[in-house]
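The values are calculated or read from the model by the stated rules, or taken from the named source; none is laboratory data. Model, not experiment: these values are computed from the prediction. Note: ideal-geometry Cβ built from the backbone for every residue, glycine included; neighbour counts use all protein chains shown. Surface areas here come from the heavy atoms of the whole protein model, side chains and all, with no ligands, DNA or RNA. Shrake-Rupley method; radii C 1.70, N 1.55, O 1.52, S 1.80 Å.
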Amino acid sequence: IINEKSIDELMELLDSNINNEQKLNIYKKIIEQRPEDIKIQNDYSQFLFDNNKYKIVQNRINDLIKNGTYDKDTYFLKGRVHLLLNELELAEKSFINSTAIDEKDALSLNALGYVYSINNKDFKAEAAYKMAISIEEHNIFSHLNLGILKSNRGEHQEALEYLEKAAILSINQDDYKRFLISISKIEALKIEKIKIASTIANLKKLKSWENY
């Protein structure tokens, strides 16, 4: 049946309620006829990624890049694979390549910021998150991640501002999961601020610094 259908008909089938084996055969048939179609190549890689075929995705993306069949989304998915496999330096390079192709891609900048933060490159992470926000001011992820970064660095007031913004954006965009994360981070931060304020108050009462 697949062999009798046109490319457009096969593309429509991919969006229908068919099993993964059928989708796999359709992707292979389309790619056989359109090997230079970057979007369909990326879609196929994403399909394999969603089905946990990480090493296969990694190998095919490397081949696509060698053949010049790639765009920012190719490198973005490559970065996600490396990140999932805990190959942090390679993930960082992939997201850098993705942003180099499209410096206005907030999604790639946010991912780059996240990898920077894992690699303890806090100032680079902050710069990447702020760039993402400047491009897409309603980006939940960048506000949330920057809030967490600021909190970890002890910059509590700025952290609170970013986290509250993330919570508001989450409500507006019906993202209940990010809303809960934002609220939990805000509550933890407020408790931490109370502890710090209490410690400072006690120090002032004791005037402990006068003993040094």
### Task
Mind counting the residues in segment 55-93 that are touching a residue at least 24 places away in the same chain (Cβ under 8 Å), open to solvent by 50 Å² or more (accessible area, probe 1.4 Å) and not hydrophobic (A, V, I, L, M, F, W, C)?
5
### Message
Against the definition (of a type outside the set (Asp, Glu), over 23 Å from residue 43 (Cβ atoms) and open to solvent by 20 Å² or more (accessible area, probe 1.4 Å)), how does residue 123 come out, yes or no?
### Response
yes
### Task
Please note which helices (runs of 4 or more DSSP H) are completely contained in segment 1-51 and include at least 3 residues that are under 14 Å from residue 61 (Cβ atoms) and not acidic (Asp, Glu).
38-50
### Query
Restricting attention to segment 61-105, which residues are touching a helix residue (DSSP H, G or I) at 6+ places or on another chain (Cβ under 8 Å), over 21 Å from residue 43 (Cβ atoms) and among the small types (Gly, Ala, Ser)?
91
## Note on the structure
By residue number, the members of segment 126-162 that are farther than 17 Å from residue 95 by Cβ, open to solvent by 30 Å² or more (accessible area, probe 1.4 Å) and among the basic types (Lys, Arg) are 153
### Message
Being aliphatic (A, V, I, L, M), in contact with a Lys or Arg (Cβ under 8 Å, 6 or more places away or on another chain) and crowded, with 22+ Cβ neighbours inside 10 Å is the requirement here; does residue 111 meet it?
### Response
yes
